[in-house]
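Quick note: the coordinates plus some simple rules give every number you see, no bench work behind them. Here the structure is a predicted model, which is why all the values come from computation and not from measurement. Here the Cβ positions follow ideal geometry from the backbone for every residue, glycine too, while neighbour counts run over all protein chains shown.
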Amino acid sequence: MITYSVFYPYKDNSYFNMDYYCNNHLGIIKRYFGEKCKGIIVVKGEENDNKEPNYTCICHIFFNNKKEFTEIMEKAKPELLADVKNYTNITPTSKIFKVSMKE
């Protein structure tokens, strides 16, 4: 199992519409990947000891393997990238990880 993880670093004067992200943007993922998407976890950064979070949002999307993910992502990528401006002005970064444990 792998996770495609997307990171939105915290920046002063940035915006991130969590409602739009969860209810619209991730819907694009679900539409393209269907049952091949094995789960999604979205976490929102919170202040800690009066310090801003390192990340505004991190999203982990789970798939059985990298090959399945890569094949479908090539088709979904243009629509996903075009949608980013609808919920944030933060430039995201992404990384694929091998999952060691998921309960």
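A few points about this structure:
- Most mobile listed residue (Asn65, Asn17, Asn50) in the chain, GNM with C-alpha springs under 10 Å: Asn50
- If you plug the beta carbon distance of Ile96 and Asp19 into 1/(1 + (r/R0)^6) with R0 = 25 Å, you get a FRET efficiency near 0.40.
- Within a straight-line Cα-Cα reach of under 28 Å, Lys66 can be paired with the following lysines, leaving aside sequence neighbours fewer than 8 residues apart in one chain: Lys30, Lys36, Lys38, Lys44, Lys75, Lys77, Lys85, Lys95, Lys98, Lys102.
- When the chain is treated as a GNM with alpha-carbon contacts under 10 Å, the residue of Pro78, Pro92, Pro53 showing the greatest mean-square fluctuation is Pro78.
- For the chain, convex hull volume per residue from C-alpha positions, Å³: 108
- Backbone phi angles across the range 81-90, fed through the Karplus curve with coefficients 6.51, -1.76 and 1.60 (θ = phi - 60°), yield HN-Hα couplings of 5, 5, 7, 3, 4, 7, 10, 7, 10, 8 Hz in residue order; Gly and Pro are listed as x.
- The mean sequence separation of alpha-carbon pairs under 8 Å and at least six residues apart, normalised by the residue count of the chain, gives a relative contact order of 50 percent.
- Couplings for the range 15-22, taken from phi via the Karplus curve 6.51 cos²θ - 1.76 cosθ + 1.60 with θ = phi - 60°, read 10, 8, 8, 4, 4, 4, 4, 6 Hz in order; Gly and Pro are left as x.
- Computed helical MRE - 222 nm, the chain, DSSP H runs ≥ 4 contributing -39500 (n - 2.57), nearest 500: -8000 deg cm²/dmol
- Using every pair of distinct Cα positions in the range 1-50, the Kirkwood expression returns a hydrodynamic radius of 13.1 angstrom.
- Modelled label positions at Asn50 and Lys30, each set 7 Å beyond Cα in the direction of Cβ, lie 4.1 nm from each other.
- Top positive-direction residue, dipole computed over the chain with Cβ charges, set Tyr87, Val99, Phe7: Val99
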